[in-house]
1. With point charges of +1 on the Cβ of Lys and Arg and -1 on the Cβ of Asp and Glu, referenced to the Cα centre of chain C, which listed residue (C:Gln52, C:Leu369, C:Trp173) lies farthest in the positive direction of the dipole?
2. Which one, C:Gly380, C:Gly321, C:Pro336, is farthest towards the positive end of the dipole of region C:316-402 when Lys and Arg carry +1 and Asp and Glu -1 on their Cβ?
3. Pulled fully out, how much extra length does the chain show between C:Asn283 and C:Val316, if you take 0.36 nm times their separation in residues and subtract their Cα-Cα distance?
4. Could you list B:Leu395, A:Leu222 so that the one with the fewest beta carbons within 10 Å of its beta carbon is first and the one with the most is last?
5. Rounding to the nearest 20 debye, state how big the charge dipole of region C:3-312 is about its Cα centre with +1 on each Lys and Arg Cβ and -1 on each Asp and Glu Cβ.
6. Taking the number of other C-beta atoms within 10 Å as the exposure measure, put B:Arg315, D:Arg10 in order starting with the fewest.
7. Please work out the FRET efficiency for the pair D:Asn235 and A:Ile168, using the Cβ-Cβ distance as r and a Förster radius of 45 Å; give the result to the nearest 0.05.
8. Where the only charges are on Cβ atoms (+1 Lys, Arg; -1 Asp, Glu), what is the dipole of region C:181-336 about its Cα centre, to the nearest 20 debye?
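No lab work stands behind these numbers, since they all come straight from the coordinates. Not measured: the values here are computed from a predicted model. Because the Cβ atoms are built from the backbone with ideal geometry, glycine has one as well, and the counts that use them run over all protein chains shown.
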Amino acid sequence: MLEVFIFATLNGLVTGLLLFMLASGLTLIFSMMGVLNFAHASFYMLGAYFAYSISLYFGFWMGLIFAPLIVGVLGAVVERYGLRRVHQSGHVAELVFTFGLAFLIEEAVQFFWGPDTKNYQSPDILDFPLFTLFGQEFSAYRGFMIGISLSIFVALYHVLTKSRIGIIIQAAITHPNTVANLGHNVPLIFMGVFGVGTALAGLAGVIAGPVLTTFPGMSIVLGSIVFVIVVIGGLGSLAGAFIASLLIGLLQSYAIASDVGMPELLNLLGVEFERSHPLNDLWTLTLPQIAPILPFLLLVLVLIFRPTGLLGKREE
Amino acid sequence: MKKIRFPIFINSLLLILIASFGINSSAQEPVRIAFMDPLSGAFAAIGTSGLKQLQFAADYFYNSKGGILDGRMIEIVPLDNKQSPTETQIQFRRAVSEELRIIFQGNSSAVANTLNQTINRYNRRNPGQEVLQINYSAVDPILTEENCSFWHFRFDAHAAMKLNVLTDYIAKQESIKSMYIIGQDYSFGQAVSDISISLLAEKRPDIEIVGNEFHPIGQVKDFTPYVTKIVSSGADAVITGNFGADMVSLAKSIIDSGLDIPIYTFYAAYDGITATLGADGKNKIHLIHNETSNPIPTERRKDYMRAYKAANPNRDVTQPRLVNALQMIVQAMEQTQSTDPYDIALALEDMRFMTLSDEEIWMRGDDHQIFQSLHLSVQTDEEIEFDADNSGFGLFSFFHVPAEETIVETSCQMKRPRR
Amino acid sequence: MSQLKKLSVWIGYLVVMLVLPQFFDSILSISIFNQMAIAIVFALSYNMLLGQGGMLSFGHAVYFGFGGFLAVHTLIMIEFETVYFSILFIPLIGGVFGLLAAIFIGSFSTHKAGTVFAMISLGMGELIAASSLIFVGFFGGEAGISGDRTYGPPFFGIEFLRDVEIYYVAVFWVFIATIFMYLFTQTPAGRMANAVRDNPERAEFIGYSARRVRFISFCAAGLFAGIAGGLFALNYEFITEENLNAATSGRVLLMAYIGGLGYFIGPIVGAVILTLMNSLLSNYSDLWMLYLGIMFLLTVLFLPRGFAGFIMMHQVAWVKGSIKQLALPYLLTGIPAFLLMLSAVALVEMSHVEAGALQFMGFALDPALLTDWMMVGIVGIGSLIAVRKSLPRLRDAWESANTIPNEDGN
Amino acid sequence: MAILTLNNVRKDFGETAIIRGVSLDIEEGEKHAIIGPNGAGKSTLFHLISGLYKVSAGSITFKKSEIQDKAPYEISRLGLARSFQVTNIFQRMNVFENIRCALFWSKGYRYSFWHLLGRQKELNEQAMHVLEQIGLTDKALFPSGELAYAQQRALELGIAIASGAELIMLDEPVAGMSHSEAKAAVRLIRKITEGKTLIMVEHDMNIVFDVADRISVLVYGEVIATDTPEKIRSNSSVQEAYLGEVATSA
């Protein structure tokens, strides 16, 4: 039973950190510009597809470097010519714009790369088991994923809290106008942040592509879990997003790993039920079955009892 | 005081737009057959592949040779239902509106069930304008059991038949002592799990079912947690009915974990899956299906596959059943000299037909279920003449069960329309 | 606006709906009109939340779906005669259960508007959509559940076998629902919903709890969404978890936004446009979703107040009678713009077609031939230049047509 | 008899105490002005009484019931109406609608979704009457967000007085108005609050001395004096607080 727990923790860590890379970009964008970027997962998909195309000619590592840059530039262009124009029509307009953008990116990906699954493989030099525990290999590539995600967190945290540009961004999160009065070109900062945010999502795509299969529906499968993390973590709080990502990654991994469910609970309580009982679906409900919806359950509970999220500062 | 106007401008726009799609007429009336499957959205790859194969088959066998029923061309009309039951309802009304009375459909048992109910209801309410459902790959047994209908024909073996053959093979494998079953949490996934467990208990009671797992369809990002459970359960083999991205991700996670056990599947090939699994999938990925893959038994079929490959370089013949279905329907039309679904249905019942592989298949009249030989293949790159996804890897059939041995009873009490 | 003029609008609305099947009686047109009817009620109910009440919901399909599911279950009960009444009331059943679902969820989600409300609605939407796949008994898994509308007592001999009969039932409910949703905006609760949208804090100081005002609008929207769900169940005699999930919630948001949130008829315009696009465009190209995405982005960028907003912008010109001045400039810019769009679509389709020539508007465009590419390119560039040239003229015409001779000068 | 009693009310944000123990009685029908330098906590006091902020300590009694823990809408229903220093109106609704919304509760409409406003003659007339009082009749259908600043201040005043509450609290009602507009507003305030109790925050001493029966001086969260206008004018501690040192006699 121990090895299931260890591997569940490792899997939870890998998924959680991957979600963090996505959420970190979104937290910045969302808290800075109050924009609920529905297209964030689509930029993640673009990262995977660009990396796939680059890796065909130049190998995985060039993809790792250039794909996020391309996605970041694309994000900056979208902010400059799309979001900035829609900004004055209010938050709903911005949100609906990103909603349409996600829709368009998914169709464009199918148009350029075709509808079938892409054969995007992880690099060969990382294609060996880092260690084998109780018969299951933990590939070096997953170790690499953890390494990259952690370094992103440390780098981002350092930039945001220590460096000058970080302080300006932090200030612009809550008081954009005052920052503008101090002579900083806030629109440029917005564009920069949106570009960096999308680049981070692209990077997550590059990393996750080989493991989570690269296909047009990968952004839908990811779906709105990224918003759950940002909101649970608390608006504008990077540390909050980090904790929430790990929490959700581990929660899902443990839920899937466990075999417990209503049947066990009922046996505990000594309640008998037969198959034809109308509530049969409820009685046979197992934790792995509801694993993917646990984050949403968490979201609704957090929002009811703690609307600002775990470490949220900004109260809407 | 708010002014609301429904200006004439909007009305006229509405009327023009709708009027623009009138019915077109043409000289020699073509025989129009509808092909309803996902042609856009997440499952577009599977649907488009089927459409291309049916269109090619119609041209290759009939249109290039002067058509059928003295000179009438076959026209395949695509209907994009995005593999959604709701969209299926909308596209069905479009088919009826354009007098398409034969509808091919294959992807997702949920859609097949919805279409089956809709067609039964429509035929009941519109005698004389009935519509025929040609199911070329939805394998949920219920369609030829409780929900069997006179207007539904299935040209693929259903899940119970395929699992019967699979469990026959597994029963012979002494090395397999424990089995792990994992599938999508919907009707087909549950059917695969229930039938596998009952058949294995019957044939090999000593095989222990160490896992019976369900996961939501199309929702799982990373299958590693599920694979951890498979590894720790010590299973010797895995059975899964997954398809599309769920199949690829599951197979990749199992292979990445270093687990070297056979994976018995229904849909783990073609449309980019074989290429993505590639060398790692060799001798691990097994598929149960009808129509043998490599080695191809007859030259006729090889010529057809080469012709298709020439016309569609980056596509494969993934649904050979489509050819059988089309040929049997055309034979029914030729016999009855009519394209009325009622006549075609009667002619199809208990029809025996020689396929491209020189194998006789039989469409049972009681439940409109086809019976043909079933095969177990493995993904490999040895002795592969026709590969998948131009990847050098393909399916090699190594276990064969003739049609007669695949026949199973049916609980279908078909209500026959009075004519 | 005089009472008579208002009344004539409503009568015009009813007449248009009644007369449509006479012009287009093919089964497909009726099915499109049915879809439009359902979409109109659903989009209007959504606008009660967003347009009138300022509540951005990502889970409005929950009430549509609940209403629909209970409606289908009622159909099944009528079939087995556990309960027996005419299927005319099925949409009302849907409405009641949509209302009950809204009361339950609204009780905790309407504390705040803004992002918190949006996120709770998203969470609840995903939760209920996912659990609908788990509780197969009630929701019927992803094949959904189906009933039969012909078992109820016939209504003056009508058995509701054909879709067109259901269309008239839909027209009845659409008209009733539209009237009541409009009247709701003319009541204290409706007006306070606008007040709470603009300034929830000040609303509290004139004796109203913002939460309660939002709750009432939320329940009313749930009721009418449930009626739309009931209409769906009646029309398709089937419903599945798809009609409950986030994609459906997203579609209704698109309809209301494209139509125009700020105007009562906005969602109606949006519902009509999107239903037509969904059903007709997909016949002509399998890239139709790409075009839908592009069109949607352009609307958000250039028509922030939606199509109804665009129409209403001509109100001043219409009143002043100077609308005729605009006709010519619109044509001068409109035609080249249309050509530009066509050439862009042709280029996209040519690069997408796999083999052989593309049949496009009567022309055979072969991607292998450079000349065809050149021809489309020239048409595209030509129309682009024409559009740029004619834009200033349109802008001036627009200025002149819309400036009101100001008496008091501000 | 006191209609409103503040008993040792305190309010602090984190460590900084804004209101340091204010006790004050407002007599029924009295015109009471609250003056004091900027940052003295005048607006905070208004927010505490009207329920926007929760008191850190002490109690507030209005017509014999304690209201320090009640929500703003509960307090307003008891007959207390207020205006805001920073204009706080319903921007996208027109002027007439703004006023009419303020009338709903007092006219007993509560959360009705069955009364058609088009038919409520008496309600609409009352609303038009208020519009006439604040001189915005010709702007009735004008979106209130697009009014000139002074007109928005007039609307702010209109919303406060529309409900006919017994206790009316005005937070710098004439700030930003021209001299003539201010004069008209003061005449209106005096007319409307006849027989009613008024609490007003105001900087313009002429208006304060013209309208107020009694004046309280609030400095650094404490009331240093409450008295008739004449006594306050000559009160040394008031002058010291205002002018920094004892001025020679006026």
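1. C:Gln52
2. C:Gly321
3. Values: separation 33, 0.36 × 33 = 11.88 nm, distance 3.84 nm.
Working it through step by step, the gained length comes to 8.0 nm.
4. Details: B:Leu395 26, A:Leu222 22.
Least crowded to most crowded, the residues run A:Leu222, B:Leu395.
5. Values: 13 positive and 16 negative charges, 274 e Å.
Once rounded to the nearest 20, the dipole reads 1320 debye.
6. Values: B:Arg315 21, D:Arg10 16.
Result, fewest neighbours first: D:Arg10, B:Arg315.
7. Working: r = 50 Å, r/R0 = 1.11.
Efficiency at R0 = 45 Å is approximately 0.35.
8. Working: 10 positive and 7 negative charges, 138 e Å.
Result for region C:181-336 is approximately 660 debye, rounded to the nearest 20.
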